[in-house]
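The next block holds one structure in the form of structure tokens; read it before the comments.
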Amino acid sequence: MPSSKNYKRDYAQEYANYHSKSKQKKNRAGRNKARRAAERTGKVSKGDGKDIHHVDGNPRNNSAGNLMARSKSSNRSFARNKNAGKKYT
């Protein structure tokens, strides 16, 4: 992303090129499912500023034992390494 102060994001284009793809919709549905599961167990509540962390790193494993509530800042900032972005099958 450009670092210019005058840069304006084109959200419509961003959605069309990335967020509307079936893979991204499936990933988003999985994250929402994990959030709902954690809300049912009382680990998180709506508006508490927490994210759901998958302990084993697999976003498709939404079992109760694999979900952990973490602050947004700690869940979204992690060390990038050779395994970052690996695909799960």
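The values are calculated or read from the model by the stated rules, or taken from the named source; none is laboratory data. Keep in mind it's a predicted model, so treat the numbers as computed, not measured. Please note: Cβ atoms are built from the backbone with ideal geometry, for glycine as well, and neighbour counts cover all protein chains shown.
Couple of notes before you dig in:
- The stretch 63-86, subset in contact with a helix residue (DSSP H, G or I) (Cβ under 9 Å, 6 or more places away or on another chain) and part of a helix (DSSP H, G or I), residue modelled with the highest pLDDT: Asn66
- Residues in the stretch 23-62 that are closer than 17 Å to Ser77 by Cα, part of a loop (DSSP other than H, G, I, E, B) and among the aliphatic types (A, V, I, L, M): Val55 only.
- Among (1) β-branched (Val, Ile, Thr); (2) surrounded by 13 or more Cβ atoms within 10 Å (Cβ to Cβ); (3) over 16 Å from the mean Cα position of the chain (by Cα) - the single one Thr41 does not satisfy: (2)
- Selection within the stretch 8-48 - without any contact (Cβ under 8 Å) to a residue 12 or more places away in the chain, among the hydroxyl-bearing types (Ser, Thr, Tyr) and within 18 Å of Arg70 (Cβ to Cβ): Ser45
- Any hit, the stretch 54-74, residues being loosely packed, with under 11 Cβ neighbours inside 10 Å, free of Cβ contacts under 8 Å to residues at least 24 places away in the same chain, among the hydroxyl-bearing types (Ser, Thr, Tyr) and out of contact with any Leu (no Cβ under 9 Å at 6 or more places or on another chain): yes
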